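Structure first, commentary second.
What follows is calculated from the coordinates using simple rules that are stated; it is not laboratory data. Note that this is a predicted model, so its numbers are computed, not measured. Every residue, glycine as well, gets a Cβ built from its backbone with ideal geometry; the counts of neighbours run over all protein chains shown.
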Amino acid sequence: MGREAEEVREERVEVAPGVRLWYRAAGSGPAIVCQNGVGVTITFWEEFAERFARHGYTTVIWDYRGHGRSDEPREPNELTLDICVEDLAKVLDHAGIEKACLLGHSMGAQLGWEFYRKHPERVTGLVPTLGTYRNAVSSFYDMPRIAPKVFASASYVANSFPQFVKKLTGLAAWQPALSDLVVRKLEIVHPTLSPKGWLPPYLEHMAKLDPRVFFALAVAIKDHDASDLLPRIGVPTLVVAGERDFFCPPRVAKEMADLIPGAELLVIPGGSHAATIEQPDLFDLRLERFLEERVLARKQAEHA
């Protein structure tokens, strides 16, 4: 605990002709690979990955096509969960990782389900974090009738007038203090626990992101359903929820935990959709116990 990470590598891997994904691998030991939410770069995983690399793990963080330091997709509307699954497999191959515990924030949880569906032999554990397992749009603010209609309208505008939408998101990036005040007042993030430094880089990223790329993935997670898969999951699973997450409410997390054999559930008190950076110590302690008692213990038993 507390030692310096043994190695940090920033690499790019070609996943399609002319399309390379950026990733960062750090540390050594059992692998933890982190998946982002839609429209998000490594915001919610960067400091976590640094901490666990010092704690004796290999950690990998990466950006989807069109996000962060990765290349744009050949067509902005082409992205699907299946493409992201195979992109993740190529990142693992390039990083020399045979098996990993998959941590997924928001959309990253759904990516974890589908990666396990296609590559179960490469997964040592699953930690869906502040995410769902089906129709991510219907759970927004617990408005299953209204949210899909709002989403459909926003998707139409973004795909019809992408430059106009980019200008709107750019305005928010120019006013980070005001944007921070708004998201706290609306309790999109915890009013006092959410760190102040994360929002400006997120807004800058959103201002650069092609809205058509954003909504291609948003449609993918809206149409996604892993209900059939969850009862068949055979690796240790820790479901993480925020008590006040208005995007993926804790009742959805409980549904997931109930469907998965032997799954554990952590509900972060007062946690929003950014709960892991609001209360990182609580998240780290619970995750480390899960890794040691379930994931690593299972691996040791298989080799005994």
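General observations
- Sorted ascending by nearby beta carbons within 10 Å, beginning with the fewest, 87, 93 become 93, 87.
- The chain - mean residue ellipticity at 222 nm from DSSP helices (-39,500 (n - 2.57) per run, n ≥ 4, rounded to 500): -12500 deg cm²/dmol
- Shown in residue order for the stretch 73-84 are the 3J(HN,Hα) couplings computed by the Karplus curve 6.51 cos²θ - 1.76 cosθ + 1.60 at θ = phi - 60°: x, 4, 10, x, 9, 7, 5, 9, 5, 4, 5, 5 Hz (x for Gly and Pro).
- Note on residue 11 and residue 229: the extension gain reaches 75.2 nm, defined as 0.36 nm multiplied by sequence separation minus the Cα-Cα distance.
- Cα gyration tensor shape for the stretch 14-56, rounded if a/c is under 1.5, else prolate or oblate: oblate
- Segment residue 196-residue 93, length gained on full extension (0.36 nm per residue, minus Cα span): 33.5 nm
- Seen against the Cα atoms of the chain and their longest principal axis, helix 199-208 is set at about 70 degrees.
- When the Cα gyration tensor is reduced to axis lengths a ≥ b ≥ c, the ratio a/c is 1.5 or higher for the stretch 198-293, and with a/b not above b/c it is classed as oblate.
- Placing +1 on the Cβ of every Lys and Arg and -1 on the Cβ of every Asp and Glu, with no other charges, gives the stretch 1-107 a dipole of roughly 240 debye about its Cα centre.
- Packing-based exposure ordering (other Cβ within 10 Å, fewest first) of 101, 34: 34, 101
- For mean projected area of the Cα convex hull in nm², calculated from these coordinates, the label among [x] 25.6; [y] 20.6; [z] 15.0: [z]
- Candidates 287, 19, 301 compared by Cα position along the dipole of the chain: farthest toward the positive end lies 19, with charges placed on Cβ.
- Sorted by Cβ density within 10 Å, fewest first, the residues 276, 169: 169, 276
- Cα-centred dipole magnitude for the chain, charges only on beta-carbon of K, R (+1) and D, E (-1), debye, nearest 20: 580
- Cα gyration tensor shape for the stretch 245-304, rounded if a/c is under 1.5, else prolate or oblate: oblate
- The mean sequence separation of alpha-carbon pairs under 8 Å and at least six residues apart, normalised by the residue count of the chain, gives a relative contact order of 18 percent.
- Cα lying deepest toward the dipole's positive end in the chain, options 32, 175, 198, charges on Cβ: 175
- Distant-in-sequence amide contacts of residue 63, defined by a placed amide H-H separation under 5 Å and a gap of 5 or more residues or a different chain, comprise 22.
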